[in-house]
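K.L.:
Following this message is one structure expressed as structure tokens.
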Amino acid sequence: MGNVQAFTTRNHMLMKNYILPVVWLMGAVWLLTGYGMANEVAFEKHVLSPDFLSEGAAVADVNKDGVSDIVAGSYWFEGPDWQPHAFRPVKTYAPDTDYSDTFFNHAMDVNRDGWVDILRIALPGGGLYWYENPQGAQGQWAMRSAHPSVNNESPRFVDIDGDGRDDILFSDGEREQMVWLHPPETAGDTVWTRHAISEEGAPGTSRFSHGLGLGDVNNDGRDDVIVREGWWHAPHDPTTDGWVFREANLGEPAAQMYAYDVDADGDNDVVASSAHEYGIWWYEQRQNAGGNVEWVRHLIHDGFSQSHGLVLRDVNGDGLPDLVTGKRYFAHNGKDPGSHEPAVLYWFEMTREDGTPQWIPHRIDDDSGVGVELIVEDVTGDGRPDIVTANKKGVFLFEQR
């Protein structure tokens, strides 16, 4: 009996001093990770290159190994270790004096051969080119021209006709006309089809125009084309010339623009950011006393300048879209307001309290920033959106943990 009592006492002490604290700790961790910490977001910074290669980037499985790769400038960086491979002549640039010849990158299977090709848009007014994937062969990729002159500093890679493939929305630099290009239709084809949206000389079509978006402004189920001077109402068939321009005051020179019902009142508003000054805003769509639409500007944040790349995307998985942006470092080689301030990267968490939208700023980094575009998507395959950015500071992946 004494042995049994001694065993019971020792077992009780073991439970009290060791097992129960561990169980309590595990329970606390489960509660934090399962509930209280579920919407906490953290990022791990990966420097793919410290060199100024590009102002834009792309994500795709370039070599068909089932792992996402990252494209920027003259390189594709092989995931998951980000080994660089040059697909065109390598060029690097001086941040304080130069501009890259790659403002935008994109990746898609242009010629329908089953391999992802790489697109490059040069400086505003320059050409749109695509580089044919050599299907695993070494060496430089063959370059082909898709369009000789691309205006507007925020051309968009978006699906305009709903066929599941990305088109390219921009201003034709030869005519100052808003257009979209449809990629080649059949395997082996290399011809892009041009569709006009506007008349020549329309708003948002000059060489250095800022601000461009695609979204359903009037809730008719069709995506319209947005510039800061207004928007083109999409016809039933976007390949026709039946786009009608509606004037609107949507702010100063902007980056990417988005249509979204920010205040949940049933109509879509517009979200935009200042490309070279300070400010990120949403423009509330209202009807005035006369029944006409007016746009009321609401400030989201003005703590840094040159938010030349903007993405609307649900970062924390709560069902509401958040904003990701930051400072484009030395956009004009140090001649913009706030040029010498830190090159920050932020995500702005969207919440609604009693129907009122709020945007909570979360700083991710202060030594990277954005270029003229950034990518927010799941690069690592863990189900969480990551961030890829390229600019005069280098090329970066921010892996969400």
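The values are calculated or read from the model by the stated rules, or taken from the named source; none is laboratory data. Source: prediction; values computed, not measured. Glycine gets a Cβ as well: all are built from the backbone with ideal geometry, and neighbour counts include every protein chain shown. Please note that ligands, DNA and RNA were not included when accessible areas were found on the heavy atoms of the full protein model with its side chains. Shrake-Rupley method; radii C 1.70, N 1.55, O 1.52, S 1.80 Å.
K.L.:
Contact list please: Cβ distance under 6 Å, first residue in region 208-228 and closer than 22 Å to Arg286 by Cβ and open to solvent by less than 20 Å² (accessible area, probe 1.4 Å), second residue outside any loop (DSSP other than H, G, I, E, B) and acidic (Asp, Glu), pairs at least six apart or on different chains.
P.N.:
Listed pairs, sorted by first residue: Val217/Asp224.
K.L.:
For residues that are of a type outside the set (Gly, Ala, Ser) and not in a loop (DSSP other than H, G, I, E, B), scanning just region 190-223, find the one that is nearest to Asp113 (Cα to Cα).
P.N.:
Thr193
K.L.:
If you don't mind, another one. Taking the stated definitions as given, is Arg175 part of a strand (DSSP E or B), under 30 Å from Gly201 (Cα atoms) and open to solvent by 30 Å² or more (accessible area, probe 1.4 Å)?
P.N.:
no
K.L.:
For Ile197, state whether it is buried (at least 17 other Cβ atoms within 10 Å of the Cβ), hydrophobic (A, V, I, L, M, F, W, C) and within 29 Å of Gln358 (Cα to Cα).
P.N.:
Here the answer is no, as Ile197 does not meet what is asked.
K.L.:
Quick one: which residue in Gly381, Gly355 is surrounded by fewer than 13 Cβ atoms within 10 Å (Cβ to Cβ), more than 19 Å from Gly303 (Cα to Cα) and at pLDDT 95 or above?
P.N.:
Only one candidate qualifies: Gly381.
K.L.:
Please go through region 92-108 and give me each residue that is open to solvent by less than 40 Å² (accessible area, probe 1.4 Å) and not small (Gly, Ala, Ser), ordered by number.
P.N.:
Answer for region 92-108, where residues must be open to solvent by less than 40 Å² (accessible area, probe 1.4 Å) and not small (Gly, Ala, Ser): Asp101, Thr102, Phe103, Phe104, Asn105, His106, Met108.
K.L.:
Can you name the number of the only condition in (1) surrounded by 14 or more Cβ atoms within 10 Å (Cβ to Cβ); (2) closer than 30 Å to Asp69 by Cβ that Pro148 fails?
P.N.:
(1)
K.L.:
Might you let me know whether region 275-284 holds any residue that is without any contact (Cβ under 8 Å) to a residue 40 or more places away in the chain, buried (at least 20 other Cβ atoms within 10 Å of the Cβ) and of a type outside the set (Gly, Ala, Ser)?
P.N.:
Yes, region 275-284 contains a residue that is without any contact (Cβ under 8 Å) to a residue 40 or more places away in the chain, buried (at least 20 other Cβ atoms within 10 Å of the Cβ) and of a type outside the set (Gly, Ala, Ser).
K.L.:
On to the next question. Among the residues of region 90-115, how many are part of a loop (DSSP other than H, G, I, E, B) and farther than 18 Å from Ser54 by Cα?
P.N.:
The total comes to 7.
K.L.:
Of everything in region 229-243, what is open to solvent by 10 Å² or more (accessible area, probe 1.4 Å) and either assigned to a loop (DSSP other than H, G, I, E, B) or of a type in the set (S, T, N, Q) (or both)? Give them in sequence order.
P.N.:
Glu229, Pro235, His236, Asp237, Pro238, Thr239, Thr240, Asp241, Gly242, Trp243
K.L.:
Give region 37-91 a look and list any residue that's more than 19 Å from Ile118 (Cβ to Cβ), modelled with pLDDT under 95 and open to solvent by 60 Å² or more (accessible area, probe 1.4 Å), or say none.
P.N.:
Result: Met37, Asn39, Glu40.
K.L.:
Mind telling me which of the residues Ile168, Ile118, Ile160 ends up being β-branched (Val, Ile, Thr), open to solvent by less than 30 Å² (accessible area, probe 1.4 Å), part of a loop (DSSP other than H, G, I, E, B) and under 24 Å from Leu310 (Cβ atoms)?
P.N.:
Ile160
K.L.:
Next question, about the same structure. Just for region 293-337: of the residues that are of a type in the set (D, E, K, R), part of a strand (DSSP E or B) and farther than 20 Å from Leu374 by Cβ, which one is most open to solvent (accessible area, probe 1.4 Å)?
P.N.:
That would be Arg297.
K.L.:
Follow-up question, since we're still on this one. Under 6 Å between Cβ atoms, which residue pairs at least 6 apart in sequence (or on different chains) link something in region 176-196 that is more than 24 Å from Trp231 (Cβ to Cβ) with a partner that is part of a strand (DSSP E or B)?
P.N.:
From region 176-196, the pairs are Thr190/Arg144; Trp192/Ala146; Trp192/Leu181.
K.L.:
Now, a different point. Would you mind telling me which numbered condition in (1) open to solvent by 20 Å² or more (accessible area, probe 1.4 Å); (2) outside any loop (DSSP other than H, G, I, E, B); (3) under 30 Å from Ala57 (Cα atoms) Arg246 fails?
P.N.:
(3)
K.L.:
How many residues are open to solvent by less than 60 Å² (accessible area, probe 1.4 Å), of a type in the set (Asp, Glu) and not in a loop (DSSP other than H, G, I, E, B) when one looks only at region 358-378?
P.N.:
Count: 1.
K.L.:
Working only within region 384-401, note down all residues that are assigned to a strand (DSSP E or B), buried (at least 24 other Cβ atoms within 10 Å of the Cβ) and over 14 Å from the mean Cα position of the chain (by Cα).
P.N.:
Val395
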